[in-house]
Structures are given as C-alpha cells and as structure tokens.
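The values are calculated or read from the model by the stated rules, or taken from the named source; none is laboratory data. Nothing here was measured: the structure is a model prediction, and the numbers come from that model. Please note: Cβ atoms are built from the backbone with ideal geometry, for glycine as well, and neighbour counts cover all protein chains shown.
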Amino acid sequence: MVRVVRSASASRAISATLPRADLASGSIRQAPDGWHAVLRIQGAQHHLWLKEAPQLGVSYAAELPLDSDFEIRAHASNRLWRAINGRLPGPAFHQLSAQRRERLALALRALDGHIDGASYRVIAEVLFGRKRIPESAWKTHELRSRTIRLVQAGIALMRGGYRALLRPPSRKD
C-alpha cells in the first residue's frame with residue numbers, strides 16, 4: 001500500500017493523471033484511519049492510503065517512512081509511478097514459488113479439516129489419499145508428522161501469519 005500525501009512540490013501531479021472514474025467508483029472508501037483507494041492501471045492494482053479525501057487537481061506525493069517496510073513501499077511507489085506515466089509497472093515485489101503455493105493450499109485445507117473436528121489421520125487421507133496411509137505404524141509415519149505441521153501452519157496463518165506472505169523471505173546481511 002502506498003501512503004499518499006499532498007505535495008508541496010509543483011512537479012507533475014499524480015492527481016492530474018488519475019482517471020475520474022476511479023475517484024467516483026466503488027474502488028475508494030473512507031475508513032476510520034483515512035481513505036483507501038484501489039487504482040487499476042494497465043492491468044495492475046495499486047493500493048493507496050490517504051489521510052484526506054482525494055481530490056482532482058491536487059498534487060500528491062508518496063510518503064516513504066524509513067521503517068521495516070520501506071523496501072516494499074518504495075517498490076510499490078515505483079510501480080505506481082511507472083503505471084501513471086504509461087510504462088509497464090514491472091514485476092511484483094516477490095512471488096511465491098509453486099511449491100510454496102501448494103504448501104499453503106494444503107495448510108488451509110488441513111486447517112479446514114482441523115476446525116471441522118477431523119483427526120489427523122482423516123485429514124491425511126483427504127490430502128494425500130487413503131492408499132498412502134498405512135493401516136499400522138500410523139503414529140510414526142512421515143505423513144502424520146507432515147499433516148500435523150500443515151495444521152500448525154494453517155493455525156499460524158489464521159492467527160495473523162498470513163501477513164508474512166506479503167513480505168519477502170528474510171535475508172541475513
């Protein structure tokens with residue numbers, strides 16, 4: 001999300017290029033913390049946050065606090081600037097690998113089963129197929145451990161861990 005504030009600069013304004021339809025449509029709403037807008041430019045969505053109601057003809061600037069989300073905000077601001085100026089917005093900040101997407105889907109399915117009261121064995125049968133689940137030695141089987149980890153991952157996502165999906169994996173400097 002790009003924080004947008006009124007600009008004191010006389011440079012070319014973002015507001016001059018915002019389509020009037022975006023300001024009049026349901027893509028903008030007022031919330032207790034300010035105004036939220038979703039602009040769709042060249043097939044990409046840009047999420048904006050403003051303290052005041054947006055107005056046409058007013059110069060705006062992106063606000064980039066020097067905090068832990070600076071890199072993400074700078075990238076989102078650059079994508080918005082490129083789209084407004086008729087350029088391709090470029091790639092998203094980071095994308096999930098196919099393996100990570102598959103694991104997240106399994107975790108959410110496992111969470112659904114857990115919330116419905118299914119046992120780990122039943123969840124594993126649904127996720128991996130009944131043929132792969134042994135009749136005996138279930139307590140020490142690898143799929144039991146994997147199912148438990150998937151349920152735990154689903155619970156963590158449900159409790160707010162989904163926000164980590166928006167950030168790239170941490171890098172050690």
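Quick one: which of Gln55, Gln45 is free of Cβ contacts under 8 Å to residues at least 24 places away in the same chain, exposed (fewer than 14 other Cβ atoms within 10 Å of the Cβ) and polar (S, T, N, Q)? Before the answer, list the steps.
Working: Gln55 fails: free of Cβ contacts under 8 Å to residues at least 24 places away in the same chain.
Every option except Gln45 fails the conditions.
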- Message: Here are the criteria: (1) crowded, with 17+ Cβ neighbours inside 10 Å; (2) touching a Pro at 6+ places or on another chain (Cβ under 9 Å); (3) not in a helix (DSSP H, G or I). Tell me which single one Arg79 does not satisfy.
- Response: (3)
- For residues that are among the acidic types (Asp, Glu) and assigned to a helix (DSSP H, G or I), scanning just the stretch 103-131, find the one that is nearest to Ala153 (Cα to Cα). Asp112
- Message: Which pairs turn up if I take residues in the stretch 141-166 that are loosely packed, with under 15 Cβ neighbours inside 10 Å and look for partners that are part of a helix (DSSP H, G or I) with beta carbon separation below 7 Å, at least 6 apart in sequence or on another chain?
- Response: Met158/Leu111
- Can you tell me how many residues in the stretch 59-75 are more than 21 Å from Pro89 (Cβ to Cβ) and surrounded by 14 or more Cβ atoms within 10 Å (Cβ to Cβ)? 1
- Those strands (runs of 3 or more DSSP E) completely within the stretch 1-72 that have 3 or more residues that are at pLDDT 80 or above are 28-31, 34-41, 44-50, 60-63
- How many of the residues in the stretch 90-104 are exposed (fewer than 12 other Cβ atoms within 10 Å of the Cβ) and farther than 28 Å from Gln42 by Cβ? 2
- Report yes if some residue within the stretch 88-102 is assigned to a helix (DSSP H, G or I), in contact (Cβ under 8 Å) with a residue 24 or more places away in the chain and closer than 30 Å to Pro32 by Cβ; otherwise report no. no
